[in-house]
Every structure is written in structure tokens, then in C-alpha cells.
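Bear in mind that the values in this text are calculations on the coordinates, not laboratory data. All figures in this text were calculated on a predicted structure; none of them were measured in a lab. FYI the Cβ positions are ideal-geometry reconstructions off the backbone, even for glycines, and counts take in every protein chain you see.
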Amino acid sequence: MEDLLKVIASEKKPHLGLKEVRKNLKGLKLVIYSRDLTESQKKELKSGEATALEFNGSPYALGRAIGRNHPVKAIGVKSLSERAELELKRVMQGA
């Protein structure tokens, strides 16, 4: 999962934060969220057409994984590069 987050952080400008991801949920291809969200928040993020993955860490750990020094509850990506697609497949196979 950390490799996927590094690829996303280096190639794309992801939507950061729960509020921003909720606002743009319809146009997203991938949503990664912290395990600290409530069940209703997780259900809302999974309800869209985007692939939703749970990051097994706190919002602070998720923020650090994408190079931020602050907590991030959710990350959304509109389009995936080939490299990101490959990493996503690796993550999905390991899950």
C-alpha cells in the first residue's frame, strides 16, 4: 500500500481530506481512507463507483505515507497512471 501511495503522491495531485473526497466522489477512480473513519463514513466512500481501499493506519500515518506532516483521513484520485494501476493490482492481489 505504501508503494501505491508514493506513486500517487509523486504523479498526481490527489484530493486530500474527507470533505474534499466527499465533494468529488463521483469523478474519482480510487479512494484510500484511514481505518479511523466511522462505519457510516466508510460506507459513504464505498458507495461511489471508485475503488475504495482501507489504509491500515491512523490518519497521521496516512498523511505521512504521502509526504504530508498532518493527518489525512481520505485520499481521492481522479485518474491513475500505468504505474499506479500496476501498484493497485499488486495491492488488490495481496488483499
Completion exercise
In a Gaussian network model of the chain with springs linking alpha carbons closer than 10 Å, the residue among R35, R83, R64 that fluctuates most is R83
Practice task
Evaluate the distance, in nm, between pseudo-label points positioned 7 Å from the Cα of K13 and of L86 along their respective Cα→Cβ axes.
Solution key: 2.6
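Antiparallel as a % of all DSSP beta bridges within the chain, to the nearest 5? Mind showing how you got there, number by number?
Details: 6 of 11 bridges.
Bridges in the chain are about 55 percent antiparallel.
Plugging the Kirkwood radius over Cα pairs into Stokes-Einstein for region 56-95, at a temperature of 37 °C and a viscosity of 0.692 mPa s, what D comes out in µm²/s? Spell out each step's value before the answer.
Working: Rh = 11.4 Å.
Using the Kirkwood radius from Cα pairs, D works out to 288 µm²/s.
When the chain is fully extended, how far beyond the present Cα-Cα distance does S47 get from E20, taking 0.36 nm per residue of separation? Walk me through the numbers on the way to the answer.
Numbers: separation 27, 0.36 × 27 = 9.72 nm, distance 1.58 nm.
Full-extension gain reported as 8.1 nm.
Please state the charge dipole magnitude for the chain, taken about the Cα centre, from unit charges on C-beta atoms (+1 on K and R, -1 on D and E), reported in debye and rounded to the nearest 20. Each step should come with its number before you reach the end.
Details: 19 positive and 12 negative charges, 60 e Å.
Its charge dipole is roughly 280 debye.
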Exercise for the section: From the P(r) of the chain, can you give the percent of Cα pairs sitting at distances over 20 Å? Expected result: 26
Handout entry: Placed amide H near F55: partners under 5 Å, 5+ positions off or other chain
Key = Y33, S34, R35
Practice task
Quickly estimate the mean residue ellipticity at 222 nm for the chain, helices only: each DSSP H run with n ≥ 4 gives -39500 (n - 2.57), and the total goes over all residues, rounded to 500.
Solution key: -13000 deg cm²/dmol
